[in-house]
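These notes concern the structure reproduced below.
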Amino acid sequence: MRKTYPLNIEGKHRDRVLDAVKHDIRKYVKRERRKALPEGVDFWDFDCRFGLSAETAAALHFGNLMEQIDAVAKEGATALYVELLTKPGHRKARAAASDDDTQD
């Protein structure tokens, strides 16, 4: 998904437009995660880019996207650009706890 969202729409309250943008992003993520996983893939991950325009968009961790949207909206931006690309994700094994931590 590559999309530029205007935040100032005549006749609509800015906060409701912002809520609609977040809802649209969450709906897209939910739809992508429902797709069947290829063999050897643990989950669907997302490459995320965010900025005021497509030219100024920078890479961002997907978990921080909503916080950045709120921050940009508070600064008074008139539009924002979001790019979410689905990619296969692989779980990494956690480091085992040492024996010293578990003996107390």
ask   = In percent, what relative contact order does the chain have, based on Cα pairs under 8 Å that are 6 or more apart in sequence?
value = 38 percent
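Counting other Cβ atoms within 10 Å of each Cβ, which GluC sites (Glu not before Pro) in segment 32-85 have at most 11 and sit in a DSSP loop? Don't skip to the answer; put the middle values down first.
Details: sites: Glu32, Glu39, Glu55, Glu67, Glu75, Glu83; in loops: Glu39, Glu55, Glu75.
Here the sparse-neighbourhood loop sites are Glu39, Glu55, Glu75.
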remark   = Here FRET efficiency (C-beta to C-beta, Asp24 to Glu55, R₀ 22 Å, nearest 0.05) is 0.50
query = Roughly what angle does helix 65-74 make with the longest principal axis of the chain, taking Cα atoms, 0 to 90 degrees, to the nearest 10?
reply = 30 degrees
message = Using the Cα centre of the chain as origin and beta-carbon charges of +1 (Lys, Arg) and -1 (Asp, Glu), tell me which of Leu84, Pro38, Pro6 is placed farthest towards the positive end of the dipole.
response = Pro6
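Taken together, the values in this text are just the output of simple stated rules run on the coordinates, not laboratory data. Treat the numbers as computed from the prediction; the structure is a model and nothing was measured. So basically every Cβ, Gly included, is an ideal-geometry build from the backbone, and we count neighbours across all protein chains shown.
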